Amino acid sequence: MMQFMLLFSRQAKLRLQKWFVPLCDKEKKKISRELIQVILARKPKMCSFLEWQDRTIVYASLYFCCAMELQDNELITLEIIHRYVELLDKYFGSVCELDVIFNFEKTFYILDEFLLAGEAQETSKKSVLKAMEEADLLQEVQQLL
Amino acid sequence: MHMLGYPAHFGQLECLKLIASQKFTDKRIGYLGAMLLLDERQDVHLLMTNCIKNDLNHSTQYVQGLALCTLGCMGSSEMCRDLAGEVEKLLKTSNSYLRKKAALCAVHVIRKVPELMEMFLPATKNLLSEKNHGVLHTSVVLLTEMCERSPDMLAHFRKLVPQLVRILKNLIMSGYSPEHDVSGISDPFLQVRILRLLRILGRSDDDSSEAMNDILAQVATNTETSKNVGNAILYETVLTIMDIKSESGLRVLAINILGRFLLNNDKNIRYVALTSLLKTVQTDHNAVQRHRSTIVDCLKDLDVSIKRRAMELSFALVNGNNVRGMMKELLYFLDSCDPEFKADCASGVFLSAEKYAPSKRWHIDTIMRVLTTAGSYVRDDSVPNLIQLITNSVEMHAYTVQRLYKALLDDISQQPLVQVASWCIGEYGDLLVSGQCEEEEPIQVTEDEVLDVLEGLLASNLSTPVTRGYSLTAIMKLSTRFSGVNRIKKVVSIYGSSIDVELQQRAVEYNALFKKYDHMRPALLERMPIMEKTATNGPTEIVQTNGEMEPSAVEAKHPPPVSQPTSPANDLLDLLSGNDVVPVIQTTLPSKPASAGGDLLELLGDISLGGGPAPTPAPAPAPAVSSTQPAFLLDGLTSQPLFNDIAPAGIPPMTAYNKNGLKIDFTFERANPNPNIAVITIHASNSTEADMTDFVFQAAVPKTFQLQLLSPSSNIVPALNQGSVTQVIRVLNPQKQQLRMRIKLTYTLKGSPVQDLAEVNNFPPQSWQ
């Protein structure tokens, strides 16, 4: 099960955080800060997994970081991160960091359509995007009313 | 809750207002805010429960979806209890969008409130017959969670194995499906999840494992390995094969896949391969040996994670045949690795050397090498271990002391090396000076040079107080081995006024030896006897083969302080481990964390189950359990063995059987630092009026455990609780499962044989966790 997911830039600015376990704010901040430092210190050629405080951290380039439990399959988690980036890309059309900054609620909605309770809920890209479209449509329709 | 320093608690209530609104936009933002700002520690979150309940029954599926999502991500146990019924209802709906969310929500509910698991059982009946991959995926997650938590559920769901195999087969065989495709593989997420569920279902069950063999072989051979996706699936397959009761051909296939992973350029894959090999090295040792050279190459990799894994694996692979080659590589690694590895590597080297050393000389050479390269990182208790080893190899004394002396000349900054060296010089200085080395070119050393070196240690800033103690004692010992005593007397008297209390005490005492008790000096400072290795289970006691006992008649006349009826060895031992004892305890106990070192010991401990010379670090020369308490030199050291509580005492004893007058109690020890081995001592007592003769105790444990029964203290349990029969059982529990035992008792009471079977289930949790 995924315990949390962080998205941060190279300047150590946290863009997105999704927590699937209850922790107090102070702990969350502490963990985020420490983890960002550890990951930014790693050289580019290094392996994407590391063990940290008995969780496994999986990160792909551009610093998407997922913390898994020790018995989870690390390689498939990499795939989950890739899939999430693809979803963002499809939704925003060649996504960049600005999209995440200015439309953070949309990134959360996409994440909520893709992951729930720390597990992937929908393996088909099309379905996730369709659900997002329809929800957005619903929003707009209600706006007009 | 603060934002930019200002209290923002109002935000939480705003979220609740938004959630309660009718508009979808508001609800969306409200729920998002709730997930980010609220969690189970705030009381406010309970107010959401009603809103979520209403929204779970809303007409629009997206609103229902939002509610499920929020509940699934941050629902507390109270909320889950209230809303579990609604979730269960939604689990049965035909709307696949909602069904998949409900399934994951159910997973969250089960995680929070495991008792509610039963509630979801009926709804799972036809989950697997869904066509929609999303629902399939989440259902498999749900089933996995249920099976992991409850063995009853596990048994219940075993019958699903054929269905799962079928689904997996369809996935692999079916053609290209654009919707679920990732780099040419259809729905890898689902495949991986199914493989994981199969692993759990097949774990200890032969039939299920057999049913899966074919499909696992198929997946293993047909999956493409050029992309990460394929490797992810293969990795999961390998883990499954190793965990279930697969046939040997399949296991070999799995290990070969791991071997191929090791050669892959991608670091991630190599890391994953090393991790899995580490898990399997105990069971399939030979197969992993084949890949030894690749693993050793990984030691030279630049990546920290890979190096660590490779190091652990290398230590696990060392055996009698390859020890020389492996040690060479590992010592080279020790030279060049980062400081964080050095401690673990050093202890690993020591352990392996102890177990597999082909010759004493090699052993000593290896230890010397470790001390000179990573001396400051070795554990504190390695010094006494080393010293004990050196005393044991009698023929190597000259060689050892010569090498140590040379090492000292080069470098005096590494404390463990200096300590061992000064001890040896003190003991064997005469061999050094006389130049009788057989193994190596003997060097010409004069007494003065030796004393120069030792005095240099005393005076140097680099030496810790402990080291200074060692060197002072060494100088003192040389007074009986060397001819020129005056110099030594001078040194000793100088340090009689040293600032360091420990040194001062020693110097003063040695001075006294020179002045008043000179006749005793030679006997006191004689060569130390061979120390035997102490057992680490239970209280440590030194078994000393000491022939040179002090004539006790002499002390009767002298004041108690110097009455040393216990051997000079005791005296010197105490000085050796004197003040080190207390700090040593503190380092051994915390040095069993979940670090590579700790894992190492466990691994090696597992391999050498039978015991033998305890490979665990024991502060070997503990103060002897001597009844005499010479207060003089043993000030501050207590008489009781300080280490009988290394085992975490705290596992309560239990009564396993009590019938017909025969009572069997179990007491537990975890003295062995391997937490997978529980040492149980049974005490059988008899409250009837007649003795129970021919008493035999037998025990059986479930398949995942291993049992070793040592011989009982006797076959007769005396009547009326006059005594008890004890027997030691060692149970290996690598999977940390609940300990259960079936016992069979046979005995003869008043002439008639009695036999009884019983099951023991009430083991305290600490004994198997």
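Read-outs: derived from the displayed coordinates by stated rules, not from any lab. All values reported here derive from a predicted model rather than from experimental measurement. Here the Cβ is made from the backbone with ideal geometry for all residues, glycine too, and neighbour counts use every protein chain on show.
For B:A123, what charge total do you get from the other residues with a beta carbon under 10 Å from its beta carbon, if Lys and Arg give +1 and Asp and Glu give -1?
+3
Relative to the present Cα-Cα distance, how much length would full extension add between B:T704 and B:N256 at 0.36 nm per residue of separation? Walk me through the numbers before you get to the answer.
Details: separation 448, 0.36 × 448 = 161.28 nm, distance 2.55 nm.
Net length gain for the segment: 158.7 nm.
At a 10 angstrom cut-off on C-beta neighbours, averaged per residue, how do the peptides B:198-205, B:445-452, B:234-241 rank from highest to lowest?
Numbers: B:198-205: 21.1, B:445-452: 16.4, B:234-241: 25.5.
Packing order, densest peptide first, comes out as B:234-241, B:198-205, B:445-452.
Determine the shielding of peptide B:20-27 by partner chains: average, over its residues, the number of Cβ atoms on other chains within 10 angstrom of each Cβ.
Details: counts 0, 0, 1, 5, 9, 7, 2, 2.
Going residue by residue through B:20-27 and averaging, the value is 3.
Taking θ as phi - 60°, what are the ³J(HN,Hα) couplings along region B:114-124 by the Karplus curve (6.51, -1.76, 1.60), each to the nearest whole Hz, with x for Gly and Pro?
Listing the rounded values in order: x, 5, 7, 4, 4, 4, 8, 4, x, 5, 7 Hz.
What is the extension gain from B:S460 to B:Q218, computed as 0.36 nm multiplied by their sequence separation minus the C-alpha to C-alpha distance, in nm to one decimal? Numbers along the way, then the final one.
Details: separation 242, 0.36 × 242 = 87.12 nm, distance 6.86 nm.
The B:S460-B:Q218 span can extend by a further 80.3 nm.
Any idea how far the Cα center of region B:41-82 sits from the one of region B:216-260, in Å?
41
Let a ≥ b ≥ c be the square roots of the eigenvalues of the Cα gyration tensor of region B:157-245; is it rounded (a/c under 1.5), or, if not, prolate (a/b larger than b/c) or oblate? Let's see the in-between values first.
On the way: a/c = 2.23, a/b = 1.63, b/c = 1.37.
Prolate, because a/c is 1.5 or more and a/b exceeds b/c.
Mind jotting down the distance between the C-alpha centroids of region B:460-486 and region B:133-167, whole Å?
So the separation of the two Cα centres works out to 70 Å.
To the nearest 0.05, what FRET efficiency results for B:S493 and B:S434 with a Förster distance of 25 Å applied to their C-beta separation? Please report the intermediate quantities before stating the final value.
On the way: r = 28 Å, r/R0 = 1.11.
With a Förster radius of 25 Å, E is 0.35.
Calculate the FRET efficiency for B:D284 and B:R361 from the Cβ-Cβ distance with a Förster distance of 35 Å, rounded to the nearest 0.05. Before the final figure, lay out the partial values.
On the way: r = 34 Å, r/R0 = 0.97.
Between B:D284 and B:R361 the formula returns 0.55.
In nm, to one decimal, how far is the A:E51 label point from the A:K130 one, both placed 7 Å along Cα→Cβ?
So the label points at A:E51 and A:K130 sit 4.3 nm apart.
What is the fewest-to-most order of B:S209, B:S713 by other Cβ atoms lying within 10 Å of their Cβ?
Values: B:S209 24, B:S713 15.
Ordered from fewest to most neighbouring Cβ atoms within 10 Å, B:S209, B:S713 come out as B:S713, B:S209.
Quick one: which residues, 5 or more positions from B:I677 or on another chain, have an amide H under 5 Å from its amide H? H modelled 1.01 Å from N in the peptide plane, none for Pro or chain starts.
Excluding prolines and chain starts, which carry no amide H, the hits are B:N733.
Quick one: what Rg and Dmax do you get for region B:335-469 from the alpha carbons, in Å?
Rg and Dmax of region B:335-469, Cα atoms, are 14.4, 42 Å.
If you stretched the chain out fully between B:E148 and B:T655, how much longer would it get, using 0.36 nm times the residue separation minus the C-alpha to C-alpha distance? Let's see the in-between values first.
Numbers: separation 507, 0.36 × 507 = 182.52 nm, distance 3.02 nm.
Here the answer is 179.5 nm.
So who's got an amide H within less than 5 Å of the one on B:V754, skipping anything under 5 residues away but keeping other chains? H placed 1.01 Å off N, in plane.
The list, which skips near neighbours in sequence, is B:Y747, B:T748, B:L749.
I need two numbers for region B:1-158: Rg to one decimal and Dmax as a whole number, Cα atoms only, in Å.
Over region B:1-158's Cα set, Rg and Dmax evaluate to 16.4, 55 Å.
Output the relative contact order of region B:65-205, whole-number percent, from Cα pairs under 8 angstrom with separation of 6+ residues. Walk me through the numbers before you get to the answer.
Numbers: 141 pairs, mean separation 28.1, N = 141.
Reported relative contact order: 20 percent.
Tell me which residues come under 5 Å, amide H to amide H, from A:L116 once H is placed; ignore anything under 5 positions away on its chain.
The answer is A:Q121.
Angle between the Cα long axis of helix A:125-144 and the longest principal axis of chain A, 0 to 90 degrees, nearest 10?
Value to nearest ten degrees: 50.
Estimate the FRET efficiency between B:K328 and A:F102 by the formula 1/(1 + (r/R0)^6), using the beta-carbon distance for r and 56 Å for R0, to the nearest 0.05.
Working: r = 59 Å, r/R0 = 1.05.
Plugging the Cβ-Cβ distance into 1/(1 + (r/R0)^6) gives 0.45.
Would you mind computing, in nm to one decimal, how far apart the modelled labels at B:S483 and A:E27 are, each placed 7 Å from Cα along Cα→Cβ?
Result: 7.4 nm between the two label points.
Mind checking the mean number of beta-carbon atoms from other chains within 10 Å of the Cβ atoms in A:104-117?
Values: counts 1, 5, 0, 0, 6, 6, 0, 1, 12, 4, 0, 4, 17, 19.
Per residue, the number of nearby Cβ atoms from other chains is 5 on average.
For n ≥ 4 DSSP H runs only, could you compute -39500 (n - 2.57) per run for chain A, divide by its residues and tell me the 222 nm figure to the nearest 500?
Working: 5 runs with 72 residues, N = 145.
Helix contribution divided over all residues of chain A: -16000 deg cm²/dmol.
Region B:693-769: which trypsin sites (Lys or Arg not before Pro) are DSSP loop and have at most 13 other beta-carbon atoms within 10 angstrom?
Values: sites: B:K703, B:R730, B:K736, B:R740, B:R742, B:K744, B:K750; in loops: B:K703, B:K736, B:R740, B:K750.
Counting only loop positions with at most 13 other Cβ atoms within 10 Å, the trypsin sites (Lys or Arg not before Pro) in region B:693-769 are B:K703, B:K736, B:K750.
Given charges of +1 on the Cβ of Lys and Arg and -1 on the Cβ of Asp and Glu, with all other atoms neutral, how large is the dipole of region B:404-525 about its Cα centre, in debye to the nearest 20? Each step should come with its number before you reach the end.
Working: 11 positive and 17 negative charges, 165 e Å.
The dipole magnitude comes to about 800 debye.
Over 32 Å between Cα atoms, which of B:K159/B:K736; B:K92/B:K169; A:K90/B:K23; A:K26/B:K131; B:K17/B:K112; A:K26/B:K17 qualify?
Pairs exceeding 32 Å: A:K26/B:K131.
For region A:2-144, what is the charge dipole size about the Cα centre, in debye to the nearest 20, if Lys and Arg each add +1 at the Cβ and Asp and Glu each add -1 at the Cβ?
Numbers: 19 positive and 22 negative charges, 152 e Å.
Charge dipole, region A:2-144, about its Cα centre: 720 debye, nearest 20.
Please sort B:44-55, B:128-139, B:159-170 by packing, taking for each peptide the average over its residues of neighbouring beta carbons within 10 angstrom, highest first. Don't skip to the end; give the middle numbers.
On the way: B:44-55: 18.0, B:128-139: 21.2, B:159-170: 16.1.
Per-residue Cβ counts within 10 Å, averaged per peptide and sorted highest first, yield B:128-139, B:44-55, B:159-170.
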